[in-house]
Amino acid sequence: MKSTMMSSPLLVTGLLERAAKIFPKAEIVSVRPDGSRQRSNYKQVHRRARKLSAALQRVGIRNGDRVATLMWNQQEHLEAYFGIPAVGAVVHTLNLRLHPEEIAYIVNHAEDRFLIVDSTLLDIFEKFRPLVKLERVFVVEHSCGRNAADESYESFLADGGEPDYPALSEQDAAAMCYTSGTTGNPKGVLYSHRAISLHSFSMALPDCLHFSCYDTVLPAMSMFHANAWGFPYAATLAGSKVVFPGRNLQPEALLNLLQDEQVTLTGAVPTVWLAVLNMLDCHPGRWQLTPGLRVAVAGSAAPESMFRRFDKYGVRVIQPWGMTETTPLATVCHLKPNLEKQTEDERYALRAKQGLPMPFIETRAVNEQDEIPWDGSTSGELHVRGPWVTACYYKLTADDRWTSDGWFRTGDVVTIDPEGYVKITDRLKDLIKSGGEWISSVDLENAIVAHESVREAAVIAVPHAKWVERPLAVIVLKDGCKVSEADLRAFLSRTFANWQLPDAFVFVEELPHTSTGKLLKSKLRQQFQQWQWPATAGPCS
């Protein structure tokens with residue numbers, strides 16, 4: 001028996017349509033290259049997104065065509081997020097931090113037809129322009145010029161008229177992003193209207209990130225990768241005020257924005273927030289942040305020390321987890337009511353986990369034997385499935401990332417406790433196996449950065465003649481700080497067995513990161529592959 005409910009497709013278009021009707025005056029703030037702040041609202045963004053839709057139709061956009069973007073976090077990018085998929089095309093965000101040849105590969109593999117590029121990024125575009133075939137290029141102009149062969153984005157919109165929106169299926173592709181993997185070519189993920197809509201609804205729930213019309217949202221993660229964690233879509237759904245920081249994510253500029261615009265919800269990778277915390281510590285009382293400010297931290301595991309440090313400023317850290325393949329958020333960590341009575345240390349340890357699966361997302365973990373029990377200690381590879389988890393990669397028909405029964409293999413090693421909280425202990429490729437025993441590099445890193453002198457740390461496996469592998473810690477100290485290997489070893493000995501401790505600590509000026517801010521351990525492993533251990537190095541009982 002079928003229901004009596006209407007059949008109405010879940011379309012990205014509907015998110016902006018609602019915001020323009022119900023919250024037309026909610027502000028959209030964009031920081032421009034000169035540091036000025038342009039103020040707009042949902043009514044104006046909706047009007048301009050429709051102009052973009054009409055302009056694309058005028059130049060012959062076809063269903064499924066890919067329109068690439070090379071832009072910062074700015075209003076024009078938000079217009080593209082909605083104006084492109086509204087006419088059946090696919091907005092394809094290009095990661096501007098990749099190597100030009102890698103960007104060219106992605107453009108060619110996706111078969112992008114048009115490109116919208118910010119004028120401040122033309123230098124990057126020119127490096128891969130000869131390697132790609134694009135029919136037309138539209139430049140968002142500031143004070144920078146443009147190639148005479150390119151077209152002005154504003155002029156393109158001005159000639160648009162009104163769009164004739166086609167009938168779309170919620171299963172149609174709306175957006176596209178390529179993974180930023182450290183090995184092999186990037187792989188494309190196509191997000192459907194339905195996946196983005198359901199993901200946005202789930203993100204707005206109180207037990208997720210709780211977007212509302214009372215919020216001022218600052219996406220400090222990149223709009224050019226993984227839908228900016230879904231922040232622009234969820235904020236539009238809720239009618240939140242949005243503050244786009246542009247290209248300047250330096251801690252001082254970010255803190256000024258957080259304070260001036262009274263931001264209540266923001267998010268970025270740990271490296272961004274570690275720099276912000278250091279700035280707050282160095283200038284006590286300079287910034288007055290909004291009471292109850294929520295900071296989402298993802299991209300790599302947030303150390304427990306980050307939660308404690310932010311709490312001192314009245315800022316609440318929330319840790320979600322996800323991947324390009326999961327649209328991208330799949331879990332979020334909040335304490336259940338029955339866990340609020342735990343000790344302070346127990347609550348912090350729990351908050352530093354990756355949390356519970358979002359509604360409609362299923363999780364399990366599997367090791368060599370079988371699906372692991374939810375005991376909080378047995379580890380296995382995390383598998384996920386749900387309506388916003390990709391079922392394949394673009395143009396790839398076979399891949400071992402999916403199990404025979406339809407689960408996506410994430411590559412993350414986790415434990416799951418009796419309450420259902422997921423904790424990532426490492427990536428499969430980053431685990432250290434020493435003398436037959438596994439050592440978590442993530443746990444060691446999070447413990448090391450809790451030391452008052454340490455800014456950032458990475459722990460990698462280095463070959464060892466006797467123990468197969470041993471952990472090596474590579475450390476960046478805070479400015480003006482010093483610490484000895486003996487001090488760090490004693491600091492870690494409080495929570496780790498001797499055999500788990502790094503056998504050496506190397507101090508460097510900076511650590512390598514991927515284009516999305518994650519530690520690039522593959523480069524570190526390559527750098528230290530010829531490391532020579534002292535004859536006495538090895539685990540102690």
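Since every read-out is calculated from the coordinates, none of them should be taken as a lab result. Computed from a prediction, not measured in an experiment: that's the story for all the values here. When we count neighbours, we look across all protein chains shown, and the Cβ atoms used for this are built from the backbone with ideal geometry, even at glycine.
Hey, of (1) 23.7, 76; (2) 26.9, 106; (3) 23.5, 71, which did the structure itself give for Rg and Dmax of the Cα atoms in Å when calculated? Correct label, based on the coordinates given: (1).
Selection among 382, 267, 366 by position relative to the dipole of segment 257-406 gives 267 as farthest towards the positive end (Cβ unit charges, Cα centre).
Positive end of the dipole of the chain (Cβ unit charges, origin at the Cα centre): among 484, 448, 179, the Cα lying farthest that way belongs to 179. Please list, or write none, the lysines whose alpha carbon is within less than 18 Å of the alpha carbon of residue 466, excluding same-chain residues fewer than 8 places away. List returned: 433. Close amide H contacts of residue 478 (hydrogens built in the peptide plane, cut-off under 5 Å, sequence separation of 5 or more or a different chain): 454, 455. For segment 108-153 versus segment 52-73, the spacing of their alpha-carbon centroids is 13 Å. The charge dipole of segment 431-527, taken about its Cα centre with unit charges on the Cβ atoms of Lys, Arg (+1), Asp and Glu (-1) only, comes to about 240 debye.
Highest-first packing order for the peptide set 317-324, 213-220 is 317-324, 213-220, based on the mean count of other beta carbon atoms within 10 Å.
Neighbour counts of C-beta atoms inside 10 Å place 353, 518 in the sequence 518, 353, starting with the fewest. Applying 0.36 nm per residue to the separation of residue 397 and residue 281 and subtracting their alpha-carbon distance, the gain on full extension is 36.7 nm.
Fewest-first ordering of 464, 142 by other beta carbons within 10 Å of each residue's beta carbon gives 142, 464.
What whole-number distance in Å separates the alpha-carbon centres of segment 407-454 and segment 285-320? The distance from the Cα centre of segment 407-454 to that of segment 285-320 comes to 21 Å. Taking every alpha-carbon pair under 8 Å whose residues sit at least 6 apart, the chain reaches a relative contact order of 10 percent.
Taking amide H as placed 1.01 Å from N in the peptide plane, residue 243 has its amide H under 5 Å from the amide H of 29, 217, 218, each at least 5 places away in sequence or on another chain.
In this label model, residue 484 and residue 169 are separated by 6.9 nm, measuring between points 7 Å along each Cα→Cβ vector. The HN-Hα couplings worked out from phi for segment 76-89 by the Karplus form 6.51 cos²θ - 1.76 cosθ + 1.60 (θ = phi - 60°) are 4, 5, 5, 4, 5, 3, 10, x, 6, x, 4, 9, x, 8 Hz, whole numbers, x standing for Gly and Pro.
Around the Cα centre of the chain, unit charges on the Cβ atoms of Lys, Arg, Asp and Glu (plus for the first two, minus for the last two) sum to a dipole of about 760 debye. Residues 316, 129, arranged from fewest to most other Cβ atoms within 10 angstrom of their Cβ, appear as 316, 129. Computed on segment 431-527, with alpha-carbon pairs under 8 angstrom and 6+ residues apart, the relative contact order is 26 percent.
Along the charge dipole of the chain, Cβ charges K/R +1 and D/E -1, which of 7, 514, 158 sits furthest on the positive end? With unit charges placed on the Cβ atoms, the residue in question is 158.
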